[in-house]
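Enquirer: First, the structure itself, so that you have it in front of you.
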Amino acid sequence: QRIKRVILLGPSHRVPFRGIAASHARYFDMPMGTVSVDLQALRNLEDLPGFQYLESAHEMEHGLEVHLPFLQELLGDFQIVPLVVGDASAEMVGDVLERLWGGDETLIAISSDLSHFMDYDSACKRDRATSEAIQRLDYENVRPGDACGRHPINGLLWVARRRGLKANTLQLCNSGDTAGTRDQVVGYGAYVFTE
């Protein structure tokens, strides 16, 4: 009931660019109803290095909107700050998160898978190592191939380390555990960060 704003960051799967991209969209039109964008929050980011409005980064991107039905079911009425992250340093993403941090009314959600298209055993090993780095807030060791959303993850880890937060793993598995074959899997992890 207290969460009224969700900062939602995810990787750019289709459009390569440097920095962090917002859209001028005022809302996301979803099957369960519209979710309004916190336009004032976006205006507050406009002076930060790497921040830009880039509609093409949002047009075909699925990584943010797939979370909205779950958030709508859990939170009811809330606003989002949807940001697609391209090639961006942990500090660049972290500066955005620091600017938007807020209090109990704000939830930060990072959208990402872990490893992609490895065999089951190799994926389990790599994802365990990535998960351990996340739990240690070790953003320097979440590298290319570890997670499609490594840039937004690393930005959150950078802020979490500065703020003294603790990361807890809620779930770690892959598509071989849920559906399909085990010859090429996609890794999944769920984490919560607390003070």
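Enquirer: In the stretch 108-137, which residue that is assigned to a helix (DSSP H, G or I) and of a type in the set (D, E, K, R) is least open to solvent (accessible area, probe 1.4 Å)?
Expert: By that ranking, first place goes to Asp127.
Enquirer: Can you pull out every residue in the stretch 81-107 that is in a strand (DSSP E or B) and either under 20 Å from Tyr53 (Cα atoms) or acidic (Asp, Glu) (or both)?
Expert: Result: Val81, Pro82, Leu83, Val84, Val85, Asp87.
Enquirer: For the stretch 6-44, name all the residues that are open to solvent by less than 70 Å² (accessible area, probe 1.4 Å), of a type in the set (A, V, I, L, M, F, W, C) and farther than 25 Å from Cys148 by Cβ.
Expert: The one that is open to solvent by less than 70 Å² (accessible area, probe 1.4 Å), of a type in the set (A, V, I, L, M, F, W, C) and farther than 25 Å from Cys148 by Cβ: Leu39.
Enquirer: Six or more apart or on different chains, Cβ atoms under 6 Å: show the pairs whose first residue is in the stretch 4-23 and within 12 Å of Glu55 (Cβ to Cβ) and whose second is crowded, with 20+ Cβ neighbours inside 10 Å and not aliphatic (A, V, I, L, M).
Expert: Qualifying pairs under 6 Å: Ser23/His58.
Enquirer: Suppose we filter Asp47, Asp38 for residues that are among the charged types (D, E, K, R) and within 14 Å of Ile108 (Cβ to Cβ); which single one remains?
Expert: Every option except Asp38 fails the conditions.
Enquirer: Here's a follow-up. Considering the stretch 149-191 alone, what residues qualify as being assigned to a loop (DSSP other than H, G, I, E, B), in contact with a helix residue (DSSP H, G or I) (Cβ under 9 Å, 6 or more places away or on another chain), over 13 Å from Asp138 (Cα atoms) and free of Cβ contacts under 8 Å to residues at least 60 places away in the same chain?
Expert: Thr181
Enquirer: Would you confirm whether any residue within the stretch 63-75 is open to solvent by 40 Å² or more (accessible area, probe 1.4 Å), assigned to a loop (DSSP other than H, G, I, E, B) and either without any contact (Cβ under 8 Å) to a residue 60 or more places away in the chain or of a type in the set (S, T, N, Q) (or both)?
Expert: no
Enquirer: So, one more: Given the conditions (1) out of contact with any His (no Cβ under 6 Å at 6 or more places or on another chain); (2) farther than 22 Å from Asp38 by Cβ, which single one is not true for Val186?
Expert: (1)
The values are calculated or read from the model by the stated rules, or taken from the named source; none is laboratory data. Treat the numbers as computed from the prediction; the structure is a model and nothing was measured. For neighbour counting, all protein chains shown are included, and Cβ atoms are generated from backbone atoms with ideal geometry for every residue, glycine included. Ligands, DNA and RNA are excluded from the accessible area calculation, which covers all protein heavy atoms including side chains. Shrake-Rupley method; radii C 1.70, N 1.55, O 1.52, S 1.80 Å.
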